[in-house]
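The values are calculated or read from the model by the stated rules, or taken from the named source; none is laboratory data. Computed from a predicted model, the values in this text were never measured in an experiment. Cβ: placed from backbone, ideal geometry, glycine included. Neighbour counts: every protein chain shown. Quick note on the areas: whole protein, heavy atoms, side chains included, nothing else; ligands and nucleic acids left out. Shrake-Rupley method; radii C 1.70, N 1.55, O 1.52, S 1.80 Å.
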Amino acid sequence: MINRGSAIFHEKISTSQRNLFICFALIFTIAWFISLVENQWLWLLLIPVSLIIWFSIIDFKLIFYLLLFFIPLSTEITFDNGLGTDLPTEPLIIGLMGIGLLHFLVHFKKMGSNFLTHPITLLIYLHLFWTFFTSITSHSILISLKFLLAKIWYVCTFYFMAGYLLRTEKSIKRMFWVVLLPMILSVVVIWYRHASYGFSFSDIHRVLHPFQRNHVNYAALLALLFPWIFLLRFEYSKGSFTKLFLTILLPVWLIAIYLSFTRAAYGAILISAIAGLLIWWRSLIPFVYASILVVIIGIFWLTNNNKYLAFAPNYDRTISHTEFDNLLEATVKLEDISTMERLYRWVAGAHMSVKEPFVGFGPGSFVQHYKAYTVKGFRTYVSNNEEKSGIHSYFLMVLVEQGFPGLVIFSLLILAVLKTGQRVINEPRSRQHPLIPMATITSFIVILTFLTINDLVETDKIGSFFFLFIAILVNTDIHFWDKK
């Protein structure tokens, strides 16, 4: 009976596939015919769109890897009404979320109860619930609901779908190469353009379009791939072309990171290397606890008798710099405009957190409300914020927009991921093959370093890997990699 039912099921699937093929063949024919007759070549877009829909239904794994391939190459588009999107990644993310939900409803057991009930997964549920709750209580409810939707499709696609598809060593390596190769292509194009400006610091922004919004996103993507390039070289046999390729690529990648002229990237590489050693020595978590304690003490010291006011910038001397050496020197002297503008917004964020300590102002609402809480003494030349950028610290952003409970939940999630990474790598089975889990956790720490002074989780370049790396670590914790 079971075999008969299975045969009927496969027969129905086969019939459905034939009908779909006929349907999409008609779409191809009609699109081609209209484009020729009407000379409207945009109709030809129906062909790749239909192919994507076809593969999504037949095997959405191909579309998932296609999404990963486009992440380094995607471009940000802003429409006349002010709305923006990332193409082609955001439509793919939303589409994959819908396809994944339908698939999991039919094949729920294949996801694995261990993954769905893992402590980290439970914390992600809690994080989503609190984001939803604070969206309802938001001071800007429409903006917060849009933020919530973006959060949901990132979690669904890059955590749950990635957790379903990236379970084996083979699939993880495939993910790495699918992302690395287009990233190499973007680096080559950026270098070619940058060379015409003598690789100058002042011209880095103009050579990044259409691949990157700014040099921070570019540097973050370069930096989070660096641990994979460094560690996965040892996964391949001595003398192999792949090992030689990654070995040659390593110094090239370091040069690319340097030429991004992003201080956070330099710090992230150093911090991830130190963190890797601490993980190997089973000392990361005590170090994290000590760091949290130092931050808390520092906050109390700064707020006592308003000591933070002593760090207000000199308005006339806090300017932009066209030379990178001057920028580094200004950073040390607290005269760099980007650093001091961050401080301007952080001070406002601290005042906002006191105003709404429990539910915050609502997800995504910082920009709409922060200027009423700023301190004039911290103003800089760019404080009018024409580009409407955020608070430039994801942890502080969560505090301001989701209150202290939101920050505690997010911090517990981060701590759980770090604990899981350290425990998995130091298990006897992993000690023999630690490279993939070590690359995953150190790359995750690169992202955390950027999140300290930037807000990047809801961006396709970085937010995708934030959740994807968590999914890989959860899978590593549940079962060790198959060689299949």
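Across all C-alpha atoms in the stretch 93-218, the radius of gyration and Dmax reach 19.6, 56 Å. Largest first, the residues I271, I297, I124 sort by 1.4 Å accessible area into I297, I271, I124.
Each residue of the stretch 371-379 was assigned a 3J(HN,Hα) from its phi angle through the Karplus curve 6.51 cos²θ - 1.76 cosθ + 1.60 (θ = phi - 60°); the sequence is 5, 6, 10, 7, 10, 4, x, 9, 4 Hz, with glycine and proline shown as x. Please identify the trypsin sites (Lys or Arg not before Pro) of the stretch 178-238 that satisfy two criteria: DSSP loop assignment and at most 15 other Cβ atoms within 10 Å. Which are they? Sites meeting the loop and neighbour criteria: K238. What a 1.4 Å probe finds exposed on the stretch 173-310 is 73% carbon and sulfur by accessible area, rounded to a whole percent.
For the residue pairs K151/K376; K61/K243; K388/K461; K170/K388, alpha carbon separations beyond 31 Å are given by K151/K376; K170/K388. Solvent-accessible area of H205, all protein chains in place: 100 Å² (probe radius 1.4 Å, heavy atoms, ligands and nucleic acids excluded). Ranking of Y164, Y192, Y197 by solvent-accessible surface, largest first: Y192, Y197, Y164 (1.4 Å probe, protein heavy atoms only, all chains present). In the complete set of protein chains, residue-level accessible area for M438 is approximately 20 Å², probe 1.4 angstrom. Given a 1.4 Å probe and the protein chains as shown, R423 ends up with an accessible area of around 110 Å².
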